Each structure stands twice: as structure tokens, then as C-alpha cells.
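First up is the structure itself, then whatever we jot down about it.
Read the figures in this text as sums done on the coordinates, not as results from a lab. Everything numeric here is computed off the predicted structure, so don't read it as measured data. Here the Cβ positions follow ideal geometry from the backbone for every residue, glycine too, while neighbour counts run over all protein chains shown.
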Amino acid sequence: MNHSHNHLRKEANKNKMAQNYIASIPFDHRLYRQDIKGSIAHTKMLEKQGIITKNDAAAIITGLSSIQKEMEQGKFQFRIEREDIHMNIEARLFEEIGDVAGKLHTARSRNDQIALDLRLFVKEEIPKTIDELKILQSSLIEVAEANRDVVMPGYTHLQQAQPVLLAHHLLAYFEMFQRDKERFCDCLKRTKILPLGSGALAGVPYPINREFVARELGFSEVSTNSLDAVSDRDFIIEYESCATITMMHLSRLAEEIILWSSSEFSFIEIDEPYTTGSSIMPQKKNPDVAELARGKTGRVYGHLTAILTTMKALPLAYNRDMQEDKEGLFDTVDTLHSTLAIFAKMLKAIKVSVKHIRGAIKKDYILATDLADYLVKEGLPFREAHSVISKLSRYTINKNKNFHELSLNEYHDFSPCFKEDVYDITLNSSIAARNVIGGTSLQQVETSLTRAREILNRESRSEG
Ligand code: ARG
């Protein structure tokens, strides 16, 4: 072993227990593509700036490419004594091309290197996340369109409140996922900043060309403070924050799917593959996918709390604590991807039971607000109308009747304002009446469906 390997020998002498504790290779091997991509761009820059020769650069790049191949073929031997992805690759490069490998790390530190790898990783994950959100949104549109005129009870406090269109209810989730996409897009802006060139913490004493590296790697800017660049993990915190919000939305949707598929509701039936049977209760079909999505939301929240806590008392600049950023990030990315993907499929395959949805509205008490609004149109102040209808409702419920079964005389006991046309108030008239922007009338919902489709089309055009 020659002198270039001294730093590796030192690693090998550490005691095993400490070595295992310190090593990040068991999980950061996942960053190998980013690490090699960054190293190649860095090497090209070193050559361009005359810091290393053309031949040296060519040897390094050839070596790195063959290491990448080894990794992709699963032939690369990751070694725990080589601690992390950076040193595993560098040590292997020495074996491949000899001492010239030692020139790769010129004008670089592992501190700006890991910041780069992570930014490259998050920068690639954001567009994937956004694409999956779009696919989920188009599943929602599909189900909404197929059931565009289905009237369901709308709930507040999980009590039947006013009728709404099922499509309107589903499109509420379209809005949530639209905001989620915007948040991820925004996070991308601050992720696309190149940290490489910050060195260990103070910058590097070589005539490097950071803009060149930024262009090579698709970053839109270079960082402007070296201390910040090596110790900033905001982009991870932001990605995880966006992810927690998306998971929260998915969890709410999961909760409704669970509730709606219960025998008490029976609004929907989940397709077989997304459920399991019970081993002892044959009548059961459990909504496991939805339950797991709801459950996994907890660990995604946990990762956000963990990284915030890890970062909160760190003095500038890099501290080893920050190595703890990775597992939570990877798990967040994986959990989010798998949940978004399966939800898009599960939703599309959902069977809607119009019969049970309509059947859930047992009596027409859900039209109470419409009766109050009727009185307002007859000239009563809303508060007064509300109090009249409260009394009328109590009376009707006590009689175990529907509103439409009351006689006009009974109505008149509560207010003289009622006329024959009070019987025109129905579920459909209630829906149709809410013809304001954002309301549940069929016309508004049709407009929302068109708009939703347009948004997705526009987004896919601007990508292409
Ligand atoms: N494995 C380290 C991490 O993930 C890389 C940076 C280590 N830098 C250092 N000076 N020890 O954070």
C-alpha cells in the first residue's frame, strides 16, 4: 500500500464497534449515482480550469464510470471500514487507476460533497413526487366525472349537514394535492443551489469555476456563503415538510375511504387487491391499504420532527450529527412515493354505491338550511329564519316525519311566510341553488372538472 492510502489505513485501524457506529455506508450507498455524477462534473471543472491535466481527468472519469457500472451490476463491494459512500468510491478509484485518483478530491471536502449529493437527490425526487401527485389527481377527476351527479350527504362534525355532489367532495382533494404540488415546486427553487466549492467550510484556495459545475449538474444558482452551504439542510426539512402535508391529506382521504367502506356507510367498495380478509371473521374485508397510509403518516411526521431536532442546536458549520439526515429523508421519499402510487390505483378501482349514498339520507332534515334560506327570500332576517326552522325541525323530528310530509297548516304554525312552493325544496334544488363559485351546483362542479383537467393538461404541456 502506498502513501496515498494512508487515510484509508487509519480508518481500518479503528475499533469495529466505533467503526460501525460512525459508518453511513449501510444507508448512504443509495447516493452513489449522485456522488459519481458530482465527482465527474467536479473533475471536468478541475481540468477546464487547468488544476489537473486532461489525461488525469480522463483517467478519473473512466474510473468513476466503471465504478458506477460495478454498482449497477451489484458487483461493487461496499466496505464498512471505508465509512461512507464518498470514501468507498474514492478508495475503489485508487484500486482502479492508482495514485492519480488522489487528484479527484482537490478543491473539495466531504462536507460540500455530501451537501451536493443530497441536493442532487432531492432535486431528482421532487419532479417524481409532483408527477405522482398529478396521476393521483387524474384518478380523482376520473371518479368525480363518472359520478358527477351523485348527491351525497355533506358532513360537518361528521353529522349530516347539507347535500353536496360526490364529485364536489372528491374535487376538494384535487385542490389539496394542487397546493402540495405548488409547495414541492417552491421547495425545488431552493434545492437547485450548488454547494460544491464551499470546501470544508471556508471556500477553497483554487481558481475553481462554480458556475460551470452548476450548469453541468442542472443547478440554477451557486451558494453565496460557504459556511451556510455546508451546514444547510433546509432543503431536506422543506421536502419533508411538504411530504408531511401531503401525507396528512392522504391520511384524511384514507380515513374517508375507511369510513365509507364500512358496513355502516357502504358508500364505496374497495377493490379486492387493496383489502384483506380476516382469518376468523369471513364477512370482513379490511381496508388495509388505506389504514396503512393513515398509519405511515405518523412515521413521516416523525422524520420531520427528527431532522428539526437534530439541526436545532448545531453550531456552524458541518457537524457529524447531520449524517442523521439521510435515513429519514430516504424513508420519507419511499413512503410518499409508494402511498401516492397505490392511492392513484386504489381510487380508480373504487366502486361507488349510489343506492347506499342516497339511502344514507334517511329523512330530509338535511334540507333545514334550505328552508331557512327560503324564509330569508320571503323577507325574514336570517337569524330569525334560523330560529323558526330550529323549532320546525324539532317538531318534525318528534313527529318522525319528513319536512315534505308536513301540511301547509303545520308550516304556518311556525311562520306565515311559507307558501305552496316550499314543497319545491328537494335535494336537487338544494344542490342547484348553490351556484356560486366554489359551490356544489352541478354547473359549478362541471366548471371545476373542466378547470381541473385544464390544469393537468397545461402542466403536462409545459413539461414537454
Ligand atoms: N458521511 C458524512 C455525512 O453523511 C459525510 C460528510 C463527512 N464529513 C466529515 N468531515 N466527516 O454527513
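Worth a mention:
- Estimated FRET transfer efficiency when R0 is 51 angstrom, pair Tyr365-Arg190 (beta carbons, to 0.05): 0.50
- Three-way shape label, the stretch 320-361, alpha-carbon gyration tensor, a/c 1.5: prolate
- Rounded to the nearest 20, the Cβ-based charge dipole of the chain about its Cα centre (Lys and Arg +1, Asp and Glu -1) stands at 540 debye.
- For peptides 370-383, 233-246, 407-420, sequence by mean Cβ density within 10 Å, most packed first: 233-246, 370-383, 407-420
- Residue-by-residue Karplus 3J(HN,Hα) for the stretch 389-395, coefficients 6.51, -1.76, 1.60, Hz, glycine and proline x: 5, 4, 5, 4, 5, 4, 4
- Maximal additional length on extending the Glu142-Gln73 stretch stands at 20.8 nm, based on 0.36 nm per residue less the C-alpha distance.
- Prolate/oblate/rounded label for the stretch 272-407 (Cα gyration tensor, a/c 1.5): oblate
- Estimated at 0.36 nm per residue, the fully extended path between Arg461 and Leu314 surpasses their Cα-Cα distance by 48.6 nm.
- Placing pseudo-labels 7 Å out from each Cα toward the beta carbon at Glu255 and Thr106 gives an inter-label distance of 5.9 nm.
- Amide H partners (placed H, <5 Å) of Gly154, local residues excluded: Ala161, Gln162, Val164
- Restraint check, Lys284/Lys355; Lys363/Lys401; Lys16/Lys103; Lys75/Lys123; Lys285/Lys351, Cα-Cα greater than 18 Å: Lys284/Lys355; Lys16/Lys103; Lys75/Lys123
- Rounded to the nearest whole Hz, the Karplus-based 3J(HN,Hα) values (6.51 cos²θ - 1.76 cosθ + 1.60, θ = phi - 60°) of the stretch 26-32 follow the sequence x, 10, 7, 4, 5, 8, 4, with x at glycine and proline.
- Using the Cβ of Ala101 as centre and a radius below 12 Å, the other residues enclosed give a net charge of -3, where K and R count +1 and D and E count -1.
- Close amide H pairs (under 5 Å, H built 1.01 Å from N) link Val222 with Leu194, residues at least 5 positions away or on another chain.
- In this structure, Glu420 and Lys285 have a Cβ-Cβ separation that, at R0 = 56 Å, corresponds to a calculated FRET efficiency of about 0.70.
- Taking every DSSP helix (H) stretch of at least 4 residues in the chain, weighting each as -39,500 (n - 2.57) and dividing the sum by the residue count yields a mean residue ellipticity at 222 nm of -20500 deg cm²/dmol.
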